[in-house]
Amino acid sequence: MDLLTGILSAFGLSASAGLNAYIPLLVVGTTAHYTDLIKLEKPWDTLANPWILILLGVLVIVEMLADKIPAVNHINDAIQTLVRPAAGAIVFAASAQVITDIHPVLALGCGLLVAGSVHIVKSVAIRPAVTATTGGTANVPVSIAEDVIAIGTSILSIIIPIMVGFFILLVILMTIWWVRKRINNRKLV
C-alpha cells in the first residue's frame with residue numbers, strides 16, 4: 001500500500017506543478033521542514049532549506065500575479081512551458097524517493113510527462129477556449145481556480161494520496177467528455 005500511496009502522491013504533486021510550478025515545491029518543502037509527514041532524501045532535502053522556501057514563496061507570488069495580468073499571462077505561460085515540467089520532474093522524484101525505490105531517471109521522466117501534459121492541456125486547450133468564449137473576462141477567475149486546485153491537490157497528495165487517484169480519474173473523465181463535446185459540436189456546424 002505504501003508503494004501505491006507514494007506513486008499517487010508523486011503523480012498528484014507533479015500534476016499540480018502543471019498548473020503552478022512552485023506551489024507543490026513549496027508545499028513539499030514546507031511539509032518536510034515543519035512536519036514529519038515527509039522526510040526528503042538527498043539531494044531533494046534542499047527543498048526544505050529555509051532560504052529555498054523563501055525563494056519558492058516569492059516565486060509562487062510572482063507566478064500567481066503574472067497569471068492574472070492580461071498579456072503578461074501569455075508571456076508567463078510561454079516561460080512556464082519549460083519551468084512547469086521541470087518542477088513536476090523535481091517534485092515527482094523528491095516525493096517518490098520518500099516511499100519507493102523508484103529509479104531517479106524514471107521518476108524525473110514521469111514527473112516531466114505529467115506536469116508537461118497538464119500544462120499543455122491548460123495552455124493549449126483550456127485557456128484559449130476560456131479567452132475565446134468570454135473575451136478574456138474569465139481568465140482571472142480561471143487562474144484563481146487553477147491556483148486553488150494546485151494548492152488543494154498538493155496538500156491532498158501528501159495527506160490523503162488515495163484521494164488524488166480519484167481526482168486524477170475525475171479530471172481524465174472530464175477531459176474526455178469535454179473533448180468529445182467539442183468534436184460533436186464541430187460536426188454539427
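The values are calculated or read from the model by the stated rules, or taken from the named source; none is laboratory data. Being a predicted model, the structure only gives us computed values, none of them experimental. A quick note on method: Cβ atoms are made from the backbone with ideal geometry, for glycine too, and the neighbour counts reach across all protein chains shown.
Would you confirm whether or not the range 78-88 contains a residue that is modelled with pLDDT of 90 or more and among the polar types (S, T, N, Q)?
yes
Search the range 64-85 for residues being free of Cβ contacts under 8 Å to residues at least 12 places away in the same chain and in a helix (DSSP H, G or I), and hand back the single one that is surrounded by the most Cβ atoms within 10 Å (Cβ to Cβ).
So the residue we want is Ala66.
Kindly indicate whether Ser123 is within 17 Å of Asp67 (Cα to Cα), modelled with pLDDT of 85 or more and assigned to a helix (DSSP H, G or I).
Numbers: within 17 Å of Asp67 (Cα to Cα): yes; modelled with pLDDT of 85 or more: yes; assigned to a helix (DSSP H, G or I): yes.
Considered against the rule, which asks whether it is within 17 Å of Asp67 (Cα to Cα), modelled with pLDDT of 85 or more and assigned to a helix (DSSP H, G or I), Ser123 comes out as yes.
Which count do you get for residues in the range 93-123 that are under 15 Å from the mean Cα position of the chain (by Cα), surrounded by 19 or more Cβ atoms within 10 Å (Cβ to Cβ) and among the β-branched types (Val, Ile, Thr)?
Total satisfying the criteria: 2.
Which of the residues belonging to the range 171-189 are at pLDDT below 85 and either under 23 Å from Ile7 (Cα atoms) or surrounded by 13 or more Cβ atoms within 10 Å (Cβ to Cβ) (or both)?
Of everything in the range 171-189, those that are at pLDDT below 85 and either under 23 Å from Ile7 (Cα atoms) or surrounded by 13 or more Cβ atoms within 10 Å (Cβ to Cβ) (or both) turn out to be Val171, Ile172, Thr175, Trp178.
Please enumerate the residues belonging to the range 1-48 that are farther than 30 Å from Val140 by Cα and in contact with a Leu (Cβ under 9 Å, 6 or more places away or on another chain).
Ala32, His33, Leu40, Thr46, Ala48
Hey, among Gly111, Gly116, Gly136, which residue is assigned to a loop (DSSP other than H, G, I, E, B) and in contact (Cβ under 8 Å) with a residue 12 or more places away in the chain?
Details: Gly111 fails: assigned to a loop (DSSP other than H, G, I, E, B); Gly116 fails: assigned to a loop (DSSP other than H, G, I, E, B).
Only one candidate passes the filter, namely Gly136.
Residue by residue through the range 17-63, note down the ones that are part of a loop (DSSP other than H, G, I, E, B) and free of Cβ contacts under 8 Å to residues at least 12 places away in the same chain.
The answer is Thr35, Asp36, Lys42, Pro43.
Of all the residues that make up the range 137-164, how many are modelled with pLDDT under 80 and either surrounded by 17 or more Cβ atoms within 10 Å (Cβ to Cβ) or more than 16 Å from the chain's Cα centre (by Cα) (or both)?
Applying the first criterion (modelled with pLDDT under 80) to the range 137-164 yields 161-164.
Those left that are additionally either surrounded by 17 or more Cβ atoms within 10 Å (Cβ to Cβ) or more than 16 Å from the chain's Cα centre (by Cα) (or both): 161-162, 164.
So the count comes out to 3.
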